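S.K.: Okay, here's the structure, questions in a sec.
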Amino acid sequence: MCRLFAFVSPITASARGELGADGMESLLSLARLHGDGWGRASVRAPGAAPIVTRSAISAAEDPDFDAALATPCRAAVVHLRWATAGLPVNIRNAHPFEADGIAFAHNGTIKPRETLQGLLSAGSVAALQGTTDSEMYFALIRERVAAGEPLPEAAAHVAHTLRELFPLASLNALIIDAEHLVVVHASATSILTEHDLARLAPVAELLPDEHNEDYFALRIRETPDGTVMVGSTGVAGLDWEPLPAESVIAIRLDDRRRSTIGIASLLAARS
């Protein structure tokens, strides 16, 4: 499990600047638990491919973290990793994953991974670099994009497929390319396992209060200058608006226009 933050700005900005001092402090406190690496994908201007920086070191201990978040850009995704039990902590498993001009960060666990891998083409399986279910989820989206589907629709259809097969999985994800920030908010039935709660307990009092309110929730905020921000609880404040459950929200990088696809509506259309 992980923490997510993203923004899309009408002007050149930075993740550090959009988070502010309090937001950066919250992010670093979250790294006490979500300390299995970090990553950032940024787009310097609409139309440009995302640039990805990843690390297998905790953001609280990596001197490169602050500089990465201070990088000027128009949009960015930030990820703090809390590795699923049994998965190695290494650079190959760090988020965001990047391929084909798309970057992808996930918060959740999809099990069994063998079932998920069985959905992939042979070519996608051969191209996997790490061992995470998250990278497999990303590969499924890229398969649909490669077949000609726009990124927001590809993400929605994959989320629809996975929701049917893995009803308790959190599919929350941030996906960015040259044109869109795509937010998958699909975790309405997801809960932390007993094992996760045990890992959380020793540091719970050190984390932002909002972190424990609803672990898998994603929230959104628009500032007066038109910047749109999305964050996990603990990063996003309680005064941020909740995102629609079981939905995919696409935010254009050029003008911040939003569109929403309901995963439930896809399920209803199929039944």
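S.K.: Residues that are over 14 Å from the mean Cα position of the chain (by Cα) and either open to solvent by less than 10 Å² (accessible area, probe 1.4 Å) or at pLDDT below 95 (or both): does region 115-127 have at least one? Walk me through how you get there before you give the answer.
M.R.: Of all residues in region 115-127, those over 14 Å from the mean Cα position of the chain (by Cα) come to 115-127.
Restricting the remaining residues to those that are either open to solvent by less than 10 Å² (accessible area, probe 1.4 Å) or at pLDDT below 95 (or both) gives 116.
Yes: region 115-127 contains one or more residues that are over 14 Å from the mean Cα position of the chain (by Cα) and either open to solvent by less than 10 Å² (accessible area, probe 1.4 Å) or at pLDDT below 95 (or both).
S.K.: Can you pull out every residue in region 200-232 that is outside any loop (DSSP other than H, G, I, E, B) and at pLDDT 90 or above?
M.R.: Going residue by residue through region 200-232, those that are outside any loop (DSSP other than H, G, I, E, B) are 200-206, 209-212, 218-222, 228-232.
Residues satisfying the conditions are 218, 219, 220, 221, 222, 228, 229, 230, 231, 232.
S.K.: Now a separate question. Of all residues being open to solvent by 10 Å² or more (accessible area, probe 1.4 Å) and in contact with a helix residue (DSSP H, G or I) (Cβ under 9 Å, 6 or more places away or on another chain) in region 3-16, which is farthest from residue 252 (Cα to Cα)? Just the residue, please.
M.R.: Taking region 3-16 first, the residues open to solvent by 10 Å² or more (accessible area, probe 1.4 Å) are 10-14, 16.
Keeping just the survivors that are in contact with a helix residue (DSSP H, G or I) (Cβ under 9 Å, 6 or more places away or on another chain) gives 14, 16.
On the way: 14: 17, 16: 21 Å.
The extreme case among them is 16.
S.K.: Residues that are modelled with pLDDT of 95 or more and farther than 21 Å from residue 81 by Cβ: does region 171-178 have at least one?
M.R.: If we filter region 171-178 for residues that are modelled with pLDDT of 95 or more, which is where we start, we get 171-178.
Now drop any that are not farther than 21 Å from residue 81 by Cβ, which leaves 177-178.
Looking for residues that are modelled with pLDDT of 95 or more and farther than 21 Å from residue 81 by Cβ, one finds at least one in region 171-178, hence yes.
S.K.: Quick one: what pairs do we get from region 1-23, first residue basic (Lys, Arg), second assigned to a helix (DSSP H, G or I) and open to solvent by 40 Å² or more (accessible area, probe 1.4 Å), C-beta under 8 Å, 6+ apart or different chains?
M.R.: Partner pairs satisfying both residue conditions: 16/66.
The values are calculated or read from the model by the stated rules, or taken from the named source; none is laboratory data. Being a predicted model, the structure only gives us computed values, none of them experimental. Don't worry about glycine lacking a Cβ; one is built from the backbone with ideal geometry, like all the others, and counts go over all protein chains shown. The area values use the complete protein model at the heavy-atom level, side chains included, leaving out ligands, DNA and RNA. Shrake-Rupley method; radii C 1.70, N 1.55, O 1.52, S 1.80 Å.
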